[in-house]
Amino acid sequence: MIAKGQSIPDPSFRSKLCPHPAPVSSQGSVPTHANHELCSHPAPASSQGSVPTHTNHELCPQSAPTDPSSVPIRYLRGISPVELSRCGNAGSFLQSDFWGDFKARFGWTARGFLADWAGAGALSLLVLWRPLAPALSFAYVPWGPELPAAFPADDQARNGALRELARSLRPLLPGNTAFIRFDPPWYTEGAETPPPRIDPPFTRAGAD
């Protein structure tokens, strides 16, 4: 609340919604904010003492402290185009520059990338691309991506890695790319192995 007779100079009515700091009045004291529920940061102290703390940082220009448990895990630090020859050390020949050159003879375009997996290392990535229909194309990651040995071996982490990789690849591919197909090397299926868990936005391919 603002004391009787205390004036708030304009420049801005928004000062009452918690800018840091609030403007000083003509009497020299700092007016309290009118809406204490709009910010999570302590407001400046007035001449009568401290001002209550706000609770909602969304309307405050100062960032609230971040709760580490609320920060989403990032699996991919970044991805960048590289020469196709960088795929020469791939663990599988289906991710190698040899396979890229071979597929290029049959209408595919082979591109090399370097994926930097956060905290686990960087590995090459072969991506194949070809037209699908007039004005449409698709990208294909054969037997990939390969993940570092230190990468978490659980479905949640792997599915998260695929989502982040797909989002990062999208702007690096032709604008008419309709979808990206992955053949992840960690999914196997057999008589004693149940079908792998596939989370949205991914779907199982109709033909393998």
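The values are calculated or read from the model by the stated rules, or taken from the named source; none is laboratory data. Because the structure is a prediction, the values reported are computed rather than measured. Because the Cβ atoms are built from the backbone with ideal geometry, glycine has one as well, and the counts that use them run over all protein chains shown. To get the accessible areas, we keep the full protein, side chains included, count just its heavy atoms, and leave off ligands, DNA and RNA. Shrake-Rupley method; radii C 1.70, N 1.55, O 1.52, S 1.80 Å.
Is it true that Asp101 is acidic (Asp, Glu), open to solvent by 30 Å² or more (accessible area, probe 1.4 Å) and either modelled with pLDDT under 95 or assigned to a strand (DSSP E or B) (or both)?
No: the conditions fail for Asp101.
Checking Leu84 against (1) at pLDDT 95 or above; (2) under 25 Å from Pro152 (Cβ atoms); (3) open to solvent by 30 Å² or more (accessible area, probe 1.4 Å), which test does it fail?
(2)
Which residue pairs have Cβ atoms closer than 9 Å, lie 6 or more positions apart in sequence or on different chains, and pair a first residue in region 62-88 that is under 13 Å from Leu123 (Cα atoms) and part of a strand (DSSP E or B) with a second residue that is of a type in the set (Ser, Thr, Tyr) and modelled with pLDDT of 95 or more?
From region 62-88, the pairs are Leu76/Ser168; Gly78/Ser168; Ile79/Ser168; Val82/Ser124.
Only one of (1) within 20 Å of the chain's Cα centre (by Cα); (2) touching a residue at least 40 places away in the same chain (Cβ under 8 Å); (3) farther than 21 Å from Gly91 by Cα is not met by Arg163, so which one is it?
(2)
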